[in-house]
Amino acid sequence: MRLDKPEFRAAIPACVLAGVSVAAWAAWLGWDQRYDVRPDGSTSGPYAVWQVVGLVLTLLVPVCWAAARGHSTAAVGGTTAGLTLAAWVDWSDDASGLFMVGVVLVMAGTFVTTAVVSAVTDTLRRDLPLPR
């Protein structure tokens with residue numbers, strides 16, 4: 001098996017983006033596992049808004065970078081696969097089984113968002129001369 005075949009070379013950007021997505025999840029969301037209890041007794045969390053915004057902004061850079069270089073499919077597939085895997089691993093210890101609802105929502109939201117961002121970036125790439 002040769003790793004310089006076109007099939008393997010085409011998978012590299014998607015694998016890199018999946019790895020970056022898992023690492024970004026771990027950095028922004030992986031360490032916060034507690035729900036916050038407010039003075040009135042209600043709970044929120046375990047993630048704060050700033051953590052999710054940080055994750056989104058962090059992943060915006062590699063998704064745009066990949067799409068600007070013609071790897072839109074890898075940007076969408078790799079990021080979606082990475083965040084879905086991270087959510088699955090992070091939430092799978094939930095005894096109720098409802099974690100799957102959250103995982104599916106993460107997958108759908110990531111897919112739609114990265115598809116839109118990649119399409120916009122790809123369109124801008126065609127209109128603006130960018131170095132490759």
When region 22-53 is examined, which residues are found to be surrounded by 13 or more Cβ atoms within 10 Å (Cβ to Cβ) and touching a Leu at 6+ places or on another chain (Cβ under 9 Å)?
Val22, Ala24, Trp25, Ala27, Trp28, Leu29, Pro46, Tyr47, Gln51
Which of the numbered conditions does Val16 fail, given that it passes all the others? Conditions: (1) without any contact (Cβ under 8 Å) to a residue 12 or more places away in the chain; (2) surrounded by 11 or more Cβ atoms within 10 Å (Cβ to Cβ).
(1)
Only one residue in Asp90, Asp122 is touching a residue at least 12 places away in the same chain (Cβ under 8 Å), under 17 Å from Pro62 (Cβ atoms) and of a type outside the set (Gly, Ala, Ser), so which one is that?
Asp122
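Per-residue answers, yes or no, for (1) more than 24 Å from Arg34 (Cβ to Cβ); (2) part of a helix (DSSP H, G or I):
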site: Ala81; (1), (2): yes, yes
site: Thr84; (1), (2): no, yes
site: Trp88; (1), (2): no, yes
site: Ala95; (1), (2): no, no
site: Val103; (1), (2): no, yes
site: Thr110; (1), (2): yes, yes
site: Thr113; (1), (2): yes, yes
site: Leu124; (1), (2): yes, yes
From the set of residues in region 105-121 that are of a type outside the set (Gly, Ala, Ser) and surrounded by 13 or more Cβ atoms within 10 Å (Cβ to Cβ), which is modelled with the lowest pLDDT?
Thr121
Applying the selection to region 100-119, what residues are of a type outside the set (Ser, Thr, Tyr) and in contact (Cβ under 8 Å) with a residue 12 or more places away in the chain?
Gly102, Val103, Val106, Met107, Phe111, Ala115, Val117, Ala119
Considering only region 8-63, how many residues are within 18 Å of Thr84 (Cα to Cα), among the aromatic types (Phe, Trp, Tyr) and in a helix (DSSP H, G or I)?
2
Within region 93-119, the count of residues that are under 16 Å from Pro62 (Cβ atoms) and either among the hydroxyl-bearing types (Ser, Thr, Tyr) or touching an Asp or Glu at 6+ places or on another chain (Cβ under 9 Å) (or both) comes to 4
Do we have Val101 as more than 30 Å from Asp127 (Cα to Cα) and at pLDDT below 95 here?
yes
Within region 92-104, can you find the residues that are surrounded by fewer than 17 Cβ atoms within 10 Å (Cβ to Cβ) and under 21 Å from Gly19 (Cα atoms)?
Ser92, Gly102, Val104
Give the number of residues within region 57-71 that are among the β-branched types (Val, Ile, Thr) and either more than 16 Å from Val120 (Cβ to Cβ) or surrounded by 14 or more Cβ atoms within 10 Å (Cβ to Cβ) (or both).
2
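The values are calculated or read from the model by the stated rules, or taken from the named source; none is laboratory data. Just so it is clear, the model here is predicted, and its values are computed rather than measured. No Cβ is skipped: glycine too gets one built from the backbone with ideal geometry, and neighbour counts run over all protein chains shown.
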